[in-house]
């Protein structure tokens, strides 16, 4: 289903600079989300590119995290939630009844607001996903996946001598990087991050932001953030949500210097939010 984009709620430059060499990884058309009688998202349409960071900004309760959770069907765990419309990853309808949700969540990883390492060793936190998905044929292969994932998450040098220590014993910033390593370990293509720095101090936040910039070379990354400064620092594209509607979406630099919608301008300049 390829419904037309609703221009009254979505302003998308034809070729944002960040898309020059990219292609769309996630596409959504006319998505509505309901929690019981509450209409949380209204007629949302968006194209999210591969190998770039797209930031979702907007006031609390505007639908940012709700839509993020739609992209790997985390809302399935909420009995009252109903999603309509069309969401595709690599042109495959992720709400098709034939889709294996476990495989979808391996392909579309999630990093949450609060670091949530398993109550296991650092090694077992990273090895867990590859083991249950059968990605390693031997202990040697599993060791390689764990080391590679921890290196990609910028954590290997800090933990290589204590891999059997509990993941919960790490600092908050290290725990969040461990959770990123855990997501990477199952070879995802999309990484969703729901306010990944909100529980961290400025130094840990800077390290995660550097990591996001490195990871975007190989992944489609979508980040929900309450910090417009963070969106400006880490993303190539920004989407502004308000009252369950996607108001504007486009090149981050243009969004923060010359927004096309008055509501975006008002939010960015602090008139509400």
By residue number, the members of the range 132-147 that are closer than 19 Å to residue 180 by Cβ, exposed (fewer than 14 other Cβ atoms within 10 Å of the Cβ) and at pLDDT below 95 are 132
Looking at the range 99-176, what helices (runs of 4 or more DSSP H) fall wholly within it and have at least 3 residues that are within 19 Å of residue 216 (Cα to Cα)?
-> 101-107, 139-152
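So that you can scan it fast, the table gives a plain yes or no per residue for (1) within 20 Å of the chain's Cα centre (by Cα); (2) touching a residue at least 60 places away in the same chain (Cβ under 8 Å); (3) under 15 Å from residue 63 (Cβ atoms); (4) assigned to a strand (DSSP E or B):
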{"residue": "218", "(1), (2), (3), (4)": "yes, yes, no, no"}
{"residue": "221", "(1), (2), (3), (4)": "yes, yes, no, yes"}
{"residue": "231", "(1), (2), (3), (4)": "yes, yes, no, no"}
{"residue": "239", "(1), (2), (3), (4)": "yes, yes, yes, yes"}
{"residue": "259", "(1), (2), (3), (4)": "no, no, no, no"}
{"residue": "263", "(1), (2), (3), (4)": "no, no, yes, no"}
Residue 188 is checked against (1) part of a loop (DSSP other than H, G, I, E, B); (2) over 30 Å from residue 246 (Cα atoms); (3) modelled with pLDDT of 95 or more and fails just one. What number does that condition carry?
-> (2)
Note on residue 51: of the conditions (1) over 14 Å from residue 221 (Cα atoms); (2) part of a loop (DSSP other than H, G, I, E, B), unmet is (1)
In the set 4, 49, 16, the lone residue that is in contact with a strand residue (DSSP E or B) (Cβ under 9 Å, 6 or more places away or on another chain) and modelled with pLDDT of 95 or more is 49
Select, from 266, 251, the only residue that is over 22 Å from residue 33 (Cα atoms) and loosely packed, with under 15 Cβ neighbours inside 10 Å.
-> 266
Could you please tell me which pairs satisfy a Cβ distance under 8 Å, a separation of 6+ or placement on different chains, a first residue in the range 150-161 that is on the phi < 0 side of the Ramachandran plot, and a second residue that is part of a loop (DSSP other than H, G, I, E, B)?
-> 150/160; 159/165; 159/170
By residue number, the members of the range 71-98 that are in contact (Cβ under 8 Å) with a residue 40 or more places away in the chain, within 14 Å of the chain's Cα centre (by Cα) and not in a loop (DSSP other than H, G, I, E, B) are 89
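The values are calculated or read from the model by the stated rules, or taken from the named source; none is laboratory data. Just so you know, these numbers come straight off a predicted model, no measurement behind them. Cβ: placed from backbone, ideal geometry, glycine included. Neighbour counts: every protein chain shown.
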